[in-house]
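The values are calculated or read from the model by the stated rules, or taken from the named source; none is laboratory data. Quantities reported herein were computed from a predicted structural model and do not represent experimental measurements. Cβ coordinates were reconstructed from backbone atoms using ideal geometry, including for glycine residues, and neighbour counts include every protein chain displayed.
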Amino acid sequence: MSIGKLYIISAPSGAGKTSLVRQLMAEVDNLVVSISHTTRRIRPGESQGVDYYFVSPAEFQALLNNHELLEHALVFDNYYGTAKTTVEKTLNAGIDVILEIDWQGAQQIKSLCPDSLSIFILPPSTAVLEQRLQNRGQDDDHVIARRMRAAVTEMSHYDEFDYILVNDRFERALTELKSIIIANRLTKDRQQQNLKTLITALLSST
C-alpha cells in the first residue's frame, strides 16, 4: 500500500472552494479533509469537530508552543492551523488528505512537505467574486470590501501552486478537481505499491 497524497487547496474567500471540496468528498473515496483549528467564533450551521476545532487564543498558542501544528496563519484577525499528528497518521494509512488553507499555510506545507500538490481556485471575475460574497449573507458591506481587498493579495500567489482552476461553471471545475486527484493516483510510483502483488504475479506467469 502506498502512502497517501497531501493536497493543498487554496482560493480567495467566495471562490467556491468549500462547495467544490464538499462535493469532491462525496464522489471520491479514500479521501479526507483535514479539520483545522481556529480561534474564530463558530458560525450558524457549523459544528465543533466537523467544520473546525474551535479553540480559544490561549489553546491555540499552546498548540504552537508544543509544536503540534503542521502550519498556521493569521487570517482576518483569527488564527488557523493544521494538527500535525492527525495528518501524518492519515497519510501513513494510505489515505489522501486535503488541506483547505490560505497561501501562507501553503508556503509552510510546501517547505515541510515538498511532495505535496497544491491547487489554486480562481473566480471567473472580481464582479462574480463580490456577488458570491454578498449572496452568502454572512458579512456586511465593510467586511465584504475587506475580503475583496484581501482577495487580490491571495490571488497574487497563484503562481506558487502546481494547478490552477477557474470556478466559473461548478460541474466543470469539479471535474477538473477530480481529474487531478485521479491522475495522481495513477502515477507509476503509487501504482507500483498499490499493484505490487498483481505486477509480481503477471511478470512471473509462464
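Please verify whether segment 62-76 includes one or more residues that are of a type in the set (S, T, N, Q) and surrounded by 13 or more Cβ atoms within 10 Å (Cβ to Cβ).
Looking through segment 62-76, none of the residues is of a type in the set (S, T, N, Q) and surrounded by 13 or more Cβ atoms within 10 Å (Cβ to Cβ).
As an exercise: evaluate Lys196 against (1) of a type outside the set (Gly, Ala, Ser); (2) in contact with a Ser or Thr (Cβ under 6 Å, 6 or more places away or on another chain); (3) surrounded by fewer than 16 Cβ atoms within 10 Å (Cβ to Cβ) and give the number of the one condition it does not meet.
Result: Lys196 fails condition (2) only.
Please specify each residue of segment 108-145 satisfying the condition of being in a loop (DSSP other than H, G, I, E, B) and more than 25 Å from Ile182 (Cα to Cα).
Ser125, Gly137, Gln138, Asp139, Asp140
All but one of (1) under 15 Å from the mean Cα position of the chain (by Cα); (2) under 15 Å from Pro12 (Cα atoms); (3) modelled with pLDDT of 95 or more; (4) polar (S, T, N, Q) hold for Ser156; which doesn't?
(1)
Those residues that are in contact (Cβ under 8 Å) with a residue 12 or more places away in the chain and either small (Gly, Ala, Ser) or in contact with a Pro (Cβ under 8 Å, 6 or more places away or on another chain) (or both), I need them from segment 20-49; list them, please.
Those that are in contact (Cβ under 8 Å) with a residue 12 or more places away in the chain and either small (Gly, Ala, Ser) or in contact with a Pro (Cβ under 8 Å, 6 or more places away or on another chain) (or both): Ser34, Ser36, Thr39, Gly49.
Just to verify a result, which residue in segment 160-183, among those that are among the aliphatic types (A, V, I, L, M) and surrounded by 13 or more Cβ atoms within 10 Å (Cβ to Cβ), is farthest from Leu31 (Cα to Cα)?
If we take residues in segment 160-183 being among the aliphatic types (A, V, I, L, M) and surrounded by 13 or more Cβ atoms within 10 Å (Cβ to Cβ), then Val166 is farthest from Leu31 (Cα to Cα).
Which of the residues spanning segment 121-131 are buried (at least 18 other Cβ atoms within 10 Å of the Cβ) and more than 21 Å from Leu99 (Cα to Cα)?
Leu129
Restricting attention to segment 89-101, report how many residues are among the charged types (D, E, K, R) and within 18 Å of Arg22 (Cβ to Cβ).
Number of matching residues: 2.
For segment 1-98, which helices (runs of 4 or more DSSP H) that fit wholly inside it have 3 or more residues that are over 30 Å from Asp189 (Cβ atoms) and out of contact with any His (no Cβ under 9 Å at 6 or more places or on another chain)?
Result: 57-65.
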